[in-house]
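Since the structure comes first, as structure tokens, the remarks are kept for the end.
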Number of protein chains: 2
Amino acid sequence: MSLPRIAIDAMGGDEGVRVMIEGAALARRRHDQFKFLLVGDEPRIKSALEAHPNLRASSEILHTEGVISGEDKPSQALRRAKGTSMGRAIEAVKAGDAGAAVSAGNTGALMAIAKLSLRTMPGIDRPALAALLPTLEDHDLVMLDLGANAECDARNLVQFAIMGAAYARVATGREQPRVRLLNIGTEETKGTEMLRDAAAMLKASAADLSMSFDGFTEADKLGRGDMDVVVTDGFSGNVALKAVEGTARFVADLLRRGFTSSLRSKIGFLISKPATELLKHHLDPNNHNGAVFLGLNGIVVKSHGGANAAGVANAVAVTARLLEENVTERISADLARMGGTSLRKTRVQEERA
Amino acid sequence: MSLPRIAIDAMGGDEGVRVMIEGAALARRRHDQFKFLLVGDEPRIKSALEAHPNLRASSEILHTEGVISGEDKPSQALRRAKGTSMGRAIEAVKAGDAGAAVSAGNTGALMAIAKLSLRTMPGIDRPALAALLPTLEDHDLVMLDLGANAECDARNLVQFAIMGAAYARVATGREQPRVRLLNIGTEETKGTEMLRDAAAMLKASAADLSMSFDGFTEADKLGRGDMDVVVTDGFSGNVALKAVEGTARFVADLLRRGFTSSLRSKIGFLISKPATELLKHHLDPNNHNGAVFLGLNGIVVKSHGGANAAGVANAVAVTARLLEENVTERISADLARMGGTSLRKTRVQEERA
């Protein structure tokens, strides 16, 4: 069976068509059996492809005129989607012309269009945005939801855990991912009722779901490498992710100030470059690019608007691995194994409480 | 009029009596008109005071036998409070024997005891925990709530803004503090209804409250130094604070690994020490020690359990400044100026919606 194609919205992102195409070409070298559907302005795509004959040979171009801008509100984007590169890339997934879409465009617009066009998977109430965070160990951490749902209930969190575990199996190779819920303390009595309910459901079902549910964690433990998935509502997840990004940048700014404050510091910086390069490598968002929108009938990946070609390549490679490992099908199977009934029953119990 | 005393729970904290006493002595040098009530085991306090004759001369000792431990649950702590150093320190504030209490003990216990004993100020529904975060500019940022209230409503957030602004006037000297609400985007339509309601109330009342309400901010912008107060619910605030702390530690660990990975790196580290010292100074939690529990009839300050003497001194100095500037009275005045009625009206509108 041939692998499904990856649709690339070539027009999204701050860096233009050339970076998207170069990123796709880099990713294709790692996953050379993949075919691509490049969606956007045909003359510009053709021109960018001149430097990448291998990608050209495994791609088809789908010409579109319209582009969703960074300023378009989700409601405007939905109305305009049909003629745009973003809208057509997602439409290709819906029509079965591609298995996944990658875009570096407006996140809110991408989520709105993807949700309306692809619809949520059977058994999933709401899709979630997941990304990989660096840890001090040799594997990344899957974190979700990162902002698709500002408010959630316990049932949503359980579904996010299932989706996150499926992603972690692909990202870390661990068959029984270690899953935790983000909370403001680790004792069972901490946090909100939503979290305590979700913990009870996961505790009861973890064995059926081939995951190890290890209870609560706090936001200062995310980098330690002792878990594979951290689950939270979209508000807290977005806050945590941005706090991590902002602090990393803050520290980098401080270091830069320090290292340029005197000649001595400048010399020290040059000598210790291997040390600061390690830091740069770990903290460079390009190395963790590609937020995955999980829970839809098809995979949609958001590349960071400011990502460089290596960053785009990471996002496309993530997409390729999710397709290779049939993540969507595996989530369906897990949902079936847990049984919609038990989740539903717990919801009723919640409402009664 | 003489300044109110500061009650010090000498028994809290991982580092013992000596560190609490040394911290108080350091703080007294900066605020030499202050008197202290040192609460705890008298022989140990007396022994620690031998090295600090100036502090001894301006202190009274209140002997207690019991100690609240780190393992005590809030409910247990409440039952045991009477005979403990923490309980008696707070009791001294209630009885007017002290204007404020400082403890490095169990946070949950401290909040529970303080709330029950001191009660919330008129006009405040719920107290909040506030702390100072470092920024790239030459002033700190007041952030609240950091975990006292896992769930909040819009009215709570408005009250937190009033309390945070009062604190920021003391901490930054700015008479019209720049206040923002933490959200997952800066557009007016972003986030939860609670945040949009709180924003509307603050927009309407900012001029009366001598603050500049600047809308929403995101968690990656906290270190930029373009605001003085960031307001959020206790869940997100705790997540953001811990994500900042965890990332700072993560980066420090990475740097340590890098700098010790080779002889070249080690030499570079020694030469560039002034640069990394700047970082250490900025990120050392001792330099930002002292989380203030605001909104009670009296001031209660939590010093970090692991703080050193300089850290304790910072927490005590924060307490002294809050007393010198009559922060509790200023919060009352702001609440009166805003008018309980307008807040109440908005709540009714909310419930109707």
_How charged is the neighbourhood of B:VAL179? Take every other residue with its Cβ under 10 Å from the Cβ of B:VAL179, and add Lys/Arg as +1 and Asp/Glu as -1._
0
*asked:* Counting other beta carbons within 10 Å of each residue's own, what order do B:LEU222, A:LEU335 fall into, fewest first?
replied: A:LEU335, B:LEU222
*asked:* Placing unit charges on C-beta atoms (Lys and Arg positive, Asp and Glu negative, everything else neutral), compute the dipole magnitude of region A:1-131 about its Cα centre in debye, rounded to 20.
replied: 340 debye
*Taking the convex hull of the Cα atoms, report for region B:138-267 its projected area averaged over all directions, in nm².*
9.4 nm²
*Exposure proxy check: A:VAL316, A:VAL179, A:VAL19 ranked by fewest other beta carbons within 10 Å?*
A:VAL19, A:VAL179, A:VAL316
_20 Å-binned pair-distance histogram of chain A (Cα, whole percent)_ = 30, 55, 15, 0
*Quarter of the Cα convex hull surface for the protein assembly as shown, i.e. its orientation-mean projected area (nm²)*: 33.2 nm²
*What size of dipole, in debye to the nearest 20, comes out for chain B about its Cα centre when the only charges are +1 on Lys and Arg C-beta atoms and -1 on Asp and Glu C-beta atoms?*
380 debye
*Quick one: among A:LEU202, A:LEU255, A:LEU26, which has the greatest mean-square fluctuation in a GNM of chain A with alpha-carbon springs under 10 angstrom?*
A:LEU255
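With r defined as the distance between the Cβ atoms of B:ARG44 and B:ALA95 and R0 fixed at 35 Å, what FRET efficiency is calculated, to the nearest 0.05?
The pair B:ARG44/B:ALA95 has a calculated efficiency of 0.90.
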*Set the Förster distance to 25 Å, then compute FRET efficiency between A:THR120 and A:ASN326 from the Cβ-Cβ distance, nearest 0.05.*
0.90
*Could you give, in nm with one decimal, how far B:ARG30 is from each other copy of that position, shortest first, with labels 7 Å out from Cα toward Cβ?*
4.9
*Determine which lysines satisfy two conditions relative to B:LYS266: a Cα distance under 19 Å, and not lying fewer than 8 residues away in the same chain.*
A:LYS266, A:LYS273, A:LYS280, B:LYS280
*Sequence neighbours fewer than 8 away in the same chain don't count; with that in mind, list the aspartates and glutamates whose C-alpha is under 13 Å from A:LYS73.*
B:GLU187, B:GLU188
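Full-extension gain between B:ALA333 and B:SER210, please, as 0.36 nm times their residue separation minus the C-alpha to C-alpha distance. Can you show the working numbers first?
Values: separation 123, 0.36 × 123 = 44.28 nm, distance 1.13 nm.
Taking 0.36 nm per residue and subtracting the Cα distance, the gain is 43.1 nm.
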_Candidates A:SER236, A:SER85, A:SER47: whichever shows maximal mean-square fluctuation once chain A is modelled as a Gaussian network with Cα springs under 10 Å_ = A:SER47
*Packing-based exposure ordering (other Cβ within 10 Å, fewest first) of B:THR232, A:THR172*: A:THR172, B:THR232
*asked:* So, R0 is 41 Å and r is the distance between the beta-carbons of A:GLU187 and A:LEU3; what FRET efficiency does that work out to, to 0.05?
replied: 0.35
*Of the options B:ALA200, B:HIS52, B:GLY123, report the single residue whose Cα projects farthest towards the positive end of the charge dipole of chain B (beta-carbon charges: Lys, Arg +1; Asp, Glu -1).*
B:HIS52
*Where is the GNM fluctuation largest for chain A (alpha-carbon springs, 10 angstrom cutoff): A:ASN156, A:ASN106, A:ASN54?*
A:ASN54
*Computed over chain B: relative contact order in percent, which uses C-alpha pairs under 8 Å that are six or more apart*: 23 percent
*Calculate how many DSSP beta bridges within region B:128-285 are antiparallel, expressed in % of all such bridges and rounded to the nearest 5.*
30 percent
_Taking a point 7 Å out from Cα toward Cβ as the label site, list the nm distances between B:GLU137 and the same residue in every other copy, smallest first._
4.2
*Between the label point of B:GLY16 and that of the same position in each other copy, find the distances and list them shortest first in nm, with every label point placed 7 Å from Cα along the Cα-to-C-beta direction.*
6.7
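Would you mind counting up the charge near B:ARG79? Only other residues with Cβ under 13 Å from its Cβ, with Lys and Arg at +1 and Asp and Glu at -1.
+2
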*For every helix of n ≥ 4 consecutive DSSP H residues, a contribution of -39,500 (n - 2.57) applies; sum these over chain B, divide by its total residues, and give [θ] at 222 nm rounded to the nearest 500 deg cm²/dmol.*
-15500 deg cm²/dmol
_Unsatisfied cross-links (Cα-Cα over 31 Å) in the set B:LYS46/B:LYS94; A:LYS203/A:LYS242; B:LYS35/B:LYS115; A:LYS94/B:LYS221_ = A:LYS94/B:LYS221
*Scattering curve values for region A:1-95, log₁₀ I(q)/I(0), Debye with Cα scatterers, q = 0.15 Å⁻¹*: -0.56
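I'd like the antiparallel share, as a percent to the nearest 5, of DSSP beta bridges with both residues in the protein assembly as shown.
Antiparallel bridges make up about 30 percent of those DSSP assigns within the protein assembly as shown.
Taken together, the values in this text are just the output of simple stated rules run on the coordinates, not laboratory data. Note that the coordinates shown come from a computational prediction; the quantities given were computed from them, not determined experimentally. With ideal geometry, Cβ positions are generated from the backbone for all residues, glycine too; neighbour counts draw on all protein chains shown.
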